[in-house]
Amino acid sequence: MTAPAERALWLRGELDRLARAYYTGPAPEVPDADYDALVRELAQLEDEHPELASDQSPTQRVGAAPDAAFSPVEHLEPLLSLDNAFSDDEVRAWVDRLARAGVPGPDLAYDVEPKIDGLALALTYEGGRLVRAGTRGDGRVGEDVTANVRTVASVPAVLPAPPGRLEVRGEVYLAKADFAAMNAQQLAAGERTFANPRNAAAGSLRQKDPAITAGRPLSFLAYQIVGAGPTGSATSQSEVLATLQAWGFTVAASAQRVVGIDAMLRACAWFEEHRHDLPYDVDGVVIKVDDVAVHERVGATSRAPRWAIARKFPPEERTTRLRAIEVSIGRTGRATPYAVLEPVSVAGSTVSMATLHNADQVRLKDVRPGDLVIVRKAGDVIPEVVAAVSEPGRARAAPWEFPASCPECGSALVRREEERDHYCTNPSCPARQLQQMSHFASRTAMDIEGLGEQRVGQLLGLGIVADVADLFALRPDDLATLEGFGEVSAVALVEAIDAARHRPLHRLLVALGIRHVGPVAARILAQRFGTFDRLAAAPTEELEGLAGIGPVVAAAVRQFVEDPENRRLLERLAQAGVEMHEGEIVATPAVLAGRSVVVTGTVPGYAREEAEAAIVERGGTAAGAVSRRTYCVVVGDAPGAAKLRRARDLGIPVIPAAQFAELLATGTWTPGPDALET
């Protein structure tokens with residue numbers, strides 16, 4: 001089990017590589033289920049370790065940059081991805097989010113459509129004629145595959161559509177029967193067969209020679225229209241599908257319009273039960289709010305619409321031998337048992353380790369080293385061991401017992417009252433210290449440049465430091481003779497540590513690793529109390545009453561500040577000159593109350609999260625997409641062209657980043673010579 005920072009770094013690199021293969025290569029390297037599992041693992045790591053979060057993370061992006069071998073195609077509106085749900089509970093949670101956004105669910109109509117395992121495509125029509133076809137790309141700009149798409153029989157060249165420009169979106173795919181016939185031809189010709197229909201469809205569409213594409217039996221299934229007045233009188237997704245069908249497109253005949261969440265979940269279950277009866281491969285269903293007016297009202301995040309969600313079907317389960325059960329130690333000292341497995345291919349990837357969650361789960365599942373076990377790679381962050389498989393006549397090992405001591409430092413492992421997890425009791429445990437100090441120095445915390453996990457491990461291993469307070473006593477002479485250091489690098493690191501003494505309180509709160517306190521909660525607390533002493537003295541009731549905090553975060557803060565070890569550490573940090581105040585505290589007026597503001601591009605002086613937090617602090621909503629409800633669009637460096645076009649089409653005010661400060665201060669702005677045209 002790797003440290004969070006190392007694992008997150010690997011996940012991002014792997015997801016970037018897989019995304020390039022999926023969106024711009026001839027074929028994806030892993031099934032969707034494997035990719036989804038990696039994304040969810042990274043998302044949970046970023047949630048549990050806020051210092052690992054990044055605007056450039058694959059969890060925050062759509063698709064991948066288009067291949068330079070193709071001409072670029074800019075979409076009329078962002079071709080977003082979909083958020084995934086892997087259980088009925090997660091679907092219900094999505095419905096709850098809609099309800100909180102003012103879209104109640106009891107009588108809400110939904111459109112449930114099969115999620116074809118194909119390649120997303122956007123077809124641009126002008127005056128009813130097909131003029132361009134583009135892949136998803138990065139969601140804003142795709143690859144021009146017009147010549148190839150013109151060879152697909154199910155893509156109409158001319159539509160009886162409204163004048164103007166519009167996009168029809170859908171999936172290019174190979175039907176199961178056509179795929180089987182293709183592979184039979186490959187075998188007959190002594191050629192290599194295709195791995196699966198999705199790979200074959202993607203490779204066929206992205207050929208340089210349209211004649212090759214023409215020889216492949218590709219199909220296109222349409223499901224969405226975007227652009228100026230695209231749906232005519234259609235007011236629902238079901239009517240959109242009817243419009244597409246009337247225009248000559250193939251739509252999902254099995255799509256179901258249902259009312260209420262129970263009926264919607266029954267429709268999902270029907271598709272899962274009949275997935276193999278459909279003429280094409282599916283990996284789930286797409287659930288959409290049927291009312292298109294709701295689509296506009298609730299909008300989208302930076303990567304997915306809020307009015308739709310993909311309900312993924314469970315991937316396959318496999319059996320393998322459980323070699324051992326071991327324990328890893330995290331930043332908080334939590335001891336997590338995991339299974340060491342004989343490597344097995346689950347949903348297309350090799351699995352050699354799987355989570356066992358905690359001691360209770362191991363006991364309830366009664367899995368033991370040497371057992372044959374069922375391993376499932378579902379939508380969970382990492383694979384999990386489901387159960388042991390009965391093997392009559394084979395002797396089993398004794399039941400596994402949770403170790404009494406830490407595998408890293410030998411200290412006692414104890415189970416906290418009312419918790420399911422065990423924890424290492426040694427604050428100086430090497431595993432804990434490594435991750436704590438790496439977190440403390442990370443960019444979103446104290447931002448100590450040059451103090452990465454490898455360097456932290458070196459300092460801890462040599463006994464030069466024992467905790468984060470020791471960092472502030474380092475001198476260049478302590479470092480200059482160490483491997484990998486020279487006089488210049490030693491001075492640079494000490495200067496970086498010295499600069500960290502003056503970070504604002506909200507960064508220190510993140511750096512301390514208080515459970516459940518990420519950058520947003522830290523900023524709320526720092527702005528409210530101003531100093532750590534005032535925060536530490538605040539009663540739980542006051543903490544709970546803060547918007548964005550609540551009882552869970554309040555309890556975690558109270559537990560942290562009352563811990564004697566934490567108090568001693570804070571005293572040493574203060575003695576080392578670490579400032580524990582936010583700076584001048586000014587009451588933030590809610591000048592943006594009830595207003596939705598979209599930021600596109602980079603605003604000088606603000607990370608994306610900081611710009612969005614500033615909007616939220618003033619009562620506004622930091623929206624990811626432009627809609628009719630948008631108050632204004634703030635344009636920074638390298639803005640999204642689609643958002644600007646959308647703002648222009650809707651008549652939404654567009655203001656330069658230079659006036660963002662004025663917007664935050666007054667809730668409005670003064671048009672001037674630098675104002676942008678809408």
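In segment 407-434, what residues are assigned to a strand (DSSP E or B) and either crowded, with 20+ Cβ neighbours inside 10 Å or touching an Asp or Glu at 6+ places or on another chain (Cβ under 8 Å) (or both)?
Applying the first criterion (assigned to a strand (DSSP E or B)) to segment 407-434 yields 412-415, 422-424.
LEU413, ARG415, HIS422, TYR423, CYS424, listed by residue number.
Test of understanding: among ALA189, ALA157, ALA181, ALA101, which residue is in contact (Cβ under 8 Å) with a residue 40 or more places away in the chain and on the phi < 0 side of the Ramachandran plot?
ALA101
Tell me yes or no: at least one residue of segment 415-422 is modelled with pLDDT of 90 or more and either closer than 15 Å to LEU493 by Cβ or of a type in the set (S, T, N, Q) (or both).
no
Among ALA201, ALA157, which is small (Gly, Ala, Ser), under 36 Å from the mean Cα position of the chain (by Cα) and modelled with pLDDT of 80 or more?
ALA201
In the set GLY605, GLY583, GLY620, GLY624, which member is without any contact (Cβ under 8 Å) to a residue 12 or more places away in the chain and outside the structural domain of SER54 (by TED's automatic domain parsing)? Show your work before the answer.
Details: GLY583 fails: without any contact (Cβ under 8 Å) to a residue 12 or more places away in the chain; GLY620 fails: without any contact (Cβ under 8 Å) to a residue 12 or more places away in the chain; GLY624 fails: without any contact (Cβ under 8 Å) to a residue 12 or more places away in the chain.
Step by step, each of GLY605, GLY583, GLY620, GLY624 is checked, and only GLY605 is without any contact (Cβ under 8 Å) to a residue 12 or more places away in the chain and outside the structural domain of SER54 (by TED's automatic domain parsing).
Please list, ordered by residue number, the helices (runs of 4 or more DSSP H) wholly in segment 193-309 having 3 or more residues that are buried (at least 18 other Cβ atoms within 10 Å of the Cβ).
197-205, 237-246, 261-273, 292-298
Confirm whether MET437 is buried (at least 16 other Cβ atoms within 10 Å of the Cβ) and not in a loop (DSSP other than H, G, I, E, B).
yes
Consider segment 401-438. How many of its residues are in contact with a helix residue (DSSP H, G or I) (Cβ under 6 Å, 6 or more places away or on another chain) and either aromatic (Phe, Trp, Tyr) or farther than 23 Å from MET353 by Cβ (or both)?
4
Note down all Cβ pairs under 7 Å where the first residue falls in segment 348-367 and is on the phi > 0 side of the Ramachandran plot and assigned by TED's automatic domain parsing to the domain that holds PRO383, the second is surrounded by 18 or more Cβ atoms within 10 Å (Cβ to Cβ) and of a type in the set (Asp, Glu), and they're at least six residues apart or on different chains.
Close Cβ pairs (under 7 Å, with a partner that is surrounded by 18 or more Cβ atoms within 10 Å (Cβ to Cβ) and of a type in the set (Asp, Glu)) amount to GLY348/ASP34.
On the basis of being buried (at least 20 other Cβ atoms within 10 Å of the Cβ), touching a residue at least 60 places away in the same chain (Cβ under 8 Å) and among the aliphatic types (A, V, I, L, M), does ALA133 make the cut?
So ALA133 passes the test.
Just checking: which of the helices (runs of 4 or more DSSP H) contained wholly in segment 540-650 hold 1 or more residues that are surrounded by fewer than 20 Cβ atoms within 10 Å (Cβ to Cβ) and at pLDDT 90 or above? Before the answer, list the steps.
Values: elements: 540-544, 550-562, 564-575, 608-617, 641-650.
Answer list for segment 540-650: 540-544, 550-562, 564-575.
For GLN527, are the conditions met, namely being assigned by TED's automatic domain parsing to the domain that holds LEU569 and polar (S, T, N, Q)? Outline the logic, then answer.
On the way: assigned by TED's automatic domain parsing to the domain that holds LEU569: yes; polar (S, T, N, Q): yes.
Yes; evaluated as a whole, the condition is true for this residue.
Looking at segment 253-286, which of its residues are closer than 25 Å to THR243 by Cβ and of a type in the set (A, V, I, L, M)?
Matches in segment 253-286: ALA253, ALA255, VAL258, VAL259, ALA263, MET264, ALA267, LEU278, VAL282, VAL285, VAL286.
In segment 512-567, which residues are touching a His at 6+ places or on another chain (Cβ under 8 Å) and farther than 21 Å from GLN44 by Cβ?
ARG523, LEU525, ALA526, GLN527, GLY530, THR531, PHE532
Which of the residues belonging to segment 232-256 are touching a residue at least 60 places away in the same chain (Cβ under 8 Å), out of contact with any Phe, Trp or Tyr (no Cβ under 8 Å at 6 or more places or on another chain) and not aromatic (Phe, Trp, Tyr)?
Hits for segment 232-256 are GLY232, SER236, GLN237, SER238, ALA246, GLY248, ALA255.
Residue under question is LEU535, and the condition is that it be within 20 Å of ALA469 (Cα to Cα) and aliphatic (A, V, I, L, M); does it hold?
In short, no.
Take segment 348-387 and flag every residue that is at pLDDT below 85, of a type in the set (S, T, N, Q) and surrounded by fewer than 17 Cβ atoms within 10 Å (Cβ to Cβ).
THR350, GLN361
Could we say that ASP36 is in contact with a strand residue (DSSP E or B) (Cβ under 7 Å, 6 or more places away or on another chain), modelled with pLDDT under 85 and among the charged types (D, E, K, R) here? Even if it seems obvious, please write down each step before you answer.
On the way: in contact with a strand residue (DSSP E or B) (Cβ under 7 Å, 6 or more places away or on another chain): yes; modelled with pLDDT under 85: yes; among the charged types (D, E, K, R): yes.
Here the answer is yes, as ASP36 does meet what is asked.
To keep it simple, each residue is scored yes or no on (1) of a type in the set (A, V, I, L, M, F, W, C); (2) under 30 Å from ARG275 (Cα atoms).
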| residue | (1), (2) |
| --- | --- |
| ILE116 | yes, yes |
| ARG129 | no, no |
| ASP144 | no, no |
| ARG169 | no, yes |
| ASP178 | no, yes |
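Restricting attention to segment 391-406, report how many residues are loosely packed, with under 11 Cβ neighbours inside 10 Å and not aliphatic (A, V, I, L, M).
So the answer is 5.
Going by the conditions given, is LEU451 at pLDDT 90 or above and either within 30 Å of GLU610 (Cβ to Cβ) or in a helix (DSSP H, G or I) (or both)?
So LEU451 fits the description; yes.
The values are calculated or read from the model by the stated rules, or taken from the named source; none is laboratory data. This is a predicted model, so every value here is computed, not measured. Methodologically, a virtual Cβ is constructed for each residue, glycine included, from the backbone with ideal geometry; neighbour enumeration extends over all protein chains shown.
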